Amino acid sequence: MDDILTLEEVAGYLKLKPQTIYTWAQDGKIPAAKLGKEWRFRKSVIDRWFNQHIDGKFSEYLEPS
């Protein structure tokens, strides 16, 4: 099973403030699941989300595959 991360772990992984991740999760800007009162994130999904976000921002600098 993929690693399940807490909000604080995702913030550390992406080098952002936990409040930023919390706001993004509430607004649906980052893939997350709320279990009870806690947000949880699947690392593989965060990795794909990040890569798609970065690839979209810097597509003009990437070599065609």
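The gain in end-to-end length when the Lys17 to Lys29 segment is fully stretched comes to 2.8 nm, 0.36 nm per residue minus the alpha carbon separation. Across the range 28-43, rounded Karplus estimates of 3J(HN,Hα) from the backbone phi angles (6.51 cos²θ - 1.76 cosθ + 1.60, θ = phi - 60°) give x, 7, 9, x, 8, 10, 9, 10, x, 9, 10, 8, 10, 9, 9, 4 Hz, Gly and Pro being marked x. Under a 5 Å amide H cut-off, with hydrogens placed 1.01 Å from N, Arg42 pairs with Leu5 among residues at least 5 apart or on other chains.
Each reported figure results from applying straightforward, stated rules to the coordinates on display, with no laboratory input. Bear in mind the structure is a predicted one, so any value in this text is a computation, not a measurement.
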